[in-house]
Amino acid sequence: MKHAIAFALALLAGIAASPSWSQSYPVRPVRLMIPQPPGGTMDTLARATTHQMQESFGQNIVIDNRSGANGIIAGETLARAAPDGYTLLYTSASLANNQLVIRKPPFDVLKDFAPVTLANTLPGYLIVVNAQSPAKSVKDLVELSKTTRVHFGSSGTGNSQHLLGELINARTGARMIHVPYKGFALIVNAVLGNEIQVVFGSPTTVVAHIKAGRMRAVAYTGAQRMASMPEVPTVSESGIPGMVYEASWHGIFAPAATPRAIILRFQSEVAKAMQTPRLNQYITESGHAPIGGTPEEFRKFLVRYLKDTAEQLRIAKVEPQ
């Protein structure tokens, strides 16, 4: 009965948000949830993107940090939200990973949400250790993990950082131990305090600590060295030949029944913002690649991503829990 009522309400909301009505969208501020505390990569890039959007969008975009449970809390909130374009979610690949690593996931990314746009991609992670660590390369790190306890952090079981750590273990025989946290800022603090020894981070989140000598980058997981840090070798060069790990992506979702006209309006504003030199440069310097593609392109990307990630999970022997 509850499902029937919810469906009826969603249908009525969809009718109210007809193409003619949506021409006036937005008429009030839009809430954009982020499943991460303030200060992380998602948070900083989402804020930079929405700041660039707001003038032409015509309304404020209010950031709502809803961290916890690897994005599930924010995802469930989005699934229950009215499909009127005033509650959206800016999230990472972790949202999609949940349905691959949880035995009974609370939502289906392709059924319960409407893809709005693939905002950006992250071609690789920096593999970073505490500056006091004896590891100077991935090979050193692998060998160290076989003789002492080496912990790596991630923002939750099944996210891209967790998967990377388990893939390195599977490929090399390393024995790194996973420790989940509620946000990336907490992971950075844990590495600085030697609570954990390894972090996989986007450049924007760790470069300041590297430059200050508090952390050391031992490798980059992308196919090529980073232009901004050419001294850091790729993982393939530094101990795991042939390994490339395209780290993650950020995308924007709406509730499933959100009218297409509203979705296209928001996506077009994101795409327009991505083309501005200021935002484009900011995203690129953070190590990401700006995208801002169509909803259809994002859906195709998600289908392919879920298939590829399921295979990576199989190789890494990560079972649904």
Condition (residue is touching a residue at least 24 places away in the same chain (Cβ under 8 Å), out of contact with any His (no Cβ under 6 Å at 6 or more places or on another chain), among the hydrophobic types (A, V, I, L, M, F, W, C) and open to solvent by 40 Å² or more (accessible area, probe 1.4 Å)) applied to region 155-178: is it met by at least one residue?
yes
Would you mind finding the one in Leu264, Leu306, Leu302, Leu279 that is under 17 Å from Leu88 (Cα atoms) and touching a helix residue (DSSP H, G or I) at 6+ places or on another chain (Cβ under 8 Å)?
Leu264
Do the conditions hold for Arg314, that is, is it under 22 Å from Phe200 (Cβ atoms), surrounded by 17 or more Cβ atoms within 10 Å (Cβ to Cβ) and among the basic types (Lys, Arg)?
no
Residues Gly201, Gly242: which one is surrounded by fewer than 20 Cβ atoms within 10 Å (Cβ to Cβ) and modelled with pLDDT under 95?
Gly242
On the basis of being open to solvent by less than 10 Å² (accessible area, probe 1.4 Å) and either under 17 Å from the mean Cα position of the chain (by Cα) or among the small types (Gly, Ala, Ser) (or both), does Ser236 make the cut?
no
If you go through region 87-106 one residue at a time, how many are open to solvent by 10 Å² or more (accessible area, probe 1.4 Å) and assigned to a loop (DSSP other than H, G, I, E, B)?
5
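Can you pull out the residues in region 276-287 that are open to solvent by less than 10 Å² (accessible area, probe 1.4 Å) and in a helix (DSSP H, G or I)?
Of region 276-287, the ones open to solvent by less than 10 Å² (accessible area, probe 1.4 Å) are 279, 283, 286.
Across region 276-287, the qualifying residues are Leu279, Ile283.
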Just wondering, is there one or more residues in region 290-297 that are over 29 Å from Leu163 (Cα atoms), modelled with pLDDT of 95 or more and open to solvent by less than 60 Å² (accessible area, probe 1.4 Å)?
no
Give the residue that is least open to solvent (accessible area, probe 1.4 Å), with candidates limited to residues of region 135-154 that are farther than 24 Å from Arg314 by Cβ and in contact with a Pro (Cβ under 9 Å, 6 or more places away or on another chain).
Ser137
Of the numbered conditions (1) among the aliphatic types (A, V, I, L, M); (2) over 19 Å from Val129 (Cβ atoms); (3) in a loop (DSSP other than H, G, I, E, B), Leu264 fails exactly one; give the number of that condition.
(3)
Scanning region 212-229 for residues that are open to solvent by 60 Å² or more (accessible area, probe 1.4 Å) and at pLDDT below 95 gives Ala223, Gln224, Arg225, Ala227, Ser228
When Ala273 is run through (1) modelled with pLDDT under 95; (2) part of a helix (DSSP H, G or I); (3) farther than 18 Å from Lys136 by Cβ, the failure sits at (1)
May I ask you to list the residues in region 55-86 that are in contact with a strand residue (DSSP E or B) (Cβ under 9 Å, 6 or more places away or on another chain), under 18 Å from Pro37 (Cα atoms) and part of a loop (DSSP other than H, G, I, E, B)?
Arg66, Ser67
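Being closer than 30 Å to Met229 by Cα and either free of Cβ contacts under 8 Å to residues at least 24 places away in the same chain or touching a Leu at 6+ places or on another chain (Cβ under 8 Å) (or both) is the filter here; which residues of region 254-281 pass it? Reasoning before the result, please.
Of the residues in region 254-281, the ones closer than 30 Å to Met229 by Cα are 270-281.
Within region 254-281, Ala273, Gln275, Pro277, Asn280, Gln281 qualify.
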Write out, first by first residue and then by second, each pair whose Cβ atoms fall under 9 Å of each other, whose residues are 6+ apart or on separate chains, and whose first residue, in region 53-73, is farther than 25 Å from Ser94 by Cα while the second is among the β-branched types (Val, Ile, Thr) and open to solvent by 50 Å² or more (accessible area, probe 1.4 Å).
Gly58/Val27; Gln59/Val27
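Test of understanding: among Arg175, Arg171, Arg149, which residue is over 30 Å from Met274 (Cβ atoms), in contact with a Ser or Thr (Cβ under 8 Å, 6 or more places away or on another chain) and not hydroxyl-bearing (Ser, Thr, Tyr)?
Numbers: Arg171 fails: in contact with a Ser or Thr (Cβ under 8 Å, 6 or more places away or on another chain); Arg149 fails: in contact with a Ser or Thr (Cβ under 8 Å, 6 or more places away or on another chain).
Exactly one of Arg175, Arg171, Arg149 is over 30 Å from Met274 (Cβ atoms), in contact with a Ser or Thr (Cβ under 8 Å, 6 or more places away or on another chain) and not hydroxyl-bearing (Ser, Thr, Tyr), namely Arg175.
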Among residues belonging to region 122-150 that are in a helix (DSSP H, G or I) and hydrophobic (A, V, I, L, M, F, W, C), point out the one that is farthest from Trp249 (Cα to Cα).
Leu144
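The values are calculated or read from the model by the stated rules, or taken from the named source; none is laboratory data. The shown structure was predicted, so the numbers you read here are calculated from the model rather than taken from an experiment. When we count neighbours, we look across all protein chains shown, and the Cβ atoms used for this are built from the backbone with ideal geometry, even at glycine. Ligands, DNA and RNA are excluded from the accessible area calculation, which covers all protein heavy atoms including side chains. Shrake-Rupley method; radii C 1.70, N 1.55, O 1.52, S 1.80 Å.
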